[in-house]
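Notes follow the structure.
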Amino acid sequence: MTPPLVLDLDGSLPRPAGGQTITLRDWEEAIRFGCTRGTWSAFRNKLEQCLPEIHGTVCMGSGDFHHVTQLLLARYRTPEPFDVVVLDNHPDNMRFPFGIHCGSWVSHAAILPQVRRIHVLGISSGDVGWRHAWENRLMPLLRGKLRYWTVGVDTSWARRLGLSRGFMPFTNAENLIDRFIAELPSTISGAAYLSIDKDVFAPHVASTNWDQGTFELEDAHRLINALSGRLIGSDITGEVSVHAYSTPWKRWLSAIDQQPEIPHDRLSEMQRRQTEVNRRLLEWLAQASL
């Protein structure tokens, strides 16, 4: 079993048992939430210098760093393209003209030649409702490179735009997982990479920095079991941490996205619960990996 790897970007993660930690706190302000293409290129070079060639599941702190998944995917060189399965309450496929951010990385990952298709499971956010339809990058959906699996969101607007094949709507998470597992043999023909943002879970499972979905921990367990033997890599985000941006435009963007304020007196308790959820996810992922 390859031990997990912690990218310490925000101080939210303890060192995993038997795992390795790479300290990257100097990059927190620069890349948290989002950054320019120039800053992203510099961070990519930094990762290339310090990441081990072989590692287990990567844990990278708050969901504000979910765009780091794009850099992890870009490192894979496989004989055949692989699928990416993302558990997330948001599509992470939104327009962001300034570079890349945690809500736009999926569109960047979709153009990687080694990525066959991306499936985002568990979206209950209004980001895929008609009011925000214009913010979604439609080309990956039109090209069949991306599919949204949603819970309790009216996505009928997509049908009117000829995007029906890119949307799989459900009324609850259990039915979504049932359908994904049933279609797995025809949906994913080969290897897969799994990225978990814990904002996909209901708040009683694990509290995060973002509005949250409806998944139970058992929903993730069933999915991981179904992917057993296919996984070439995985990562986990969605830790809870507090950061005061020194950059005005990041304070503005964070305010627009209405990130909930984390009570300092509850932070330790919330992080303890996160650690327990991570322990279980890492155990299941280790059993399912190739």
Signed unit charges on C-beta, dipole axis of the chain, positive-most listed residue A288, S207, F43: F43
Candidates per chymotrypsin sites (Phe, Trp or Tyr not before Pro) in segment 52-115, loop by DSSP, up to 12 other Cβ within 10 Å: F98
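Net charge near V84, counting Lys/Arg +1 and Asp/Glu -1 over other residues with Cβ under 12 Å of its Cβ? Can you show the working numbers first?
Working: positive: R116, R117, K145, R147, R230; negative: D83, D88, D92, D235.
The answer is +1.
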Size descriptor, Kirkwood hydrodynamic radius, that averages inverse alpha-carbon separations across segment 50-157, Å: 14.6
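Loop only per DSSP, at most 10 neighbouring Cβ atoms within 10 Å: give me the trypsin sites (Lys or Arg not before Pro) in segment 37-90, ordered by residue number. Numbers along the way, then the final one.
Working: sites: R37, R44, K46, R75, R77; in loops: R75, R77.
Answer by residue number: R77.
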The chain, helix-only ellipticity at 222 nm - DSSP H runs n ≥ 4, -39,500 (n - 2.57), divided by all residues, nearest 500: -9500 deg cm²/dmol
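Ignoring the sites themselves, what is the longest stretch of the chain with no GluC sites (Glu not before Pro) in a DSSP loop and at most 13 other beta-carbon atoms within 10 Å? Walk me through the numbers before you get to the answer.
Values: sites that count: E53, E261.
Formally, the longest exposed-site-free interval is 54-260.
Given contacts defined as C-alpha pairs under 8 Å and at least six residues apart, what's the relative contact order of segment 64-108, whole-number percent?
It rounds to 52 percent for segment 64-108.
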For T237, distant residues with modelled amide H under 5 Å away: I196, D197, K198
Percentage, to the nearest whole number, of Cα pairs in segment 5-288 over 28 Å apart: 30
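What number, in percent, do you get for the relative contact order of the chain if the mean sequence gap of Cα pairs under 8 Å and at least 6 apart is divided by its residue count?
Averaging sequence separation for qualifying contacts and normalising by length gives 20 percent for the chain.
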Quarter of the Cα convex hull surface for segment 116-188, i.e. its orientation-mean projected area (nm²): 4.6
Segment 94-222, Cα convex hull volume normalised per residue, Å³: 116
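Taken together, the values in this text are just the output of simple stated rules run on the coordinates, not laboratory data. Here the structure is a predicted model, which means the values were calculated and not measured. Quick reminder, even Gly has a Cβ in these numbers, built from the backbone with ideal geometry, and neighbours come from all protein chains shown.
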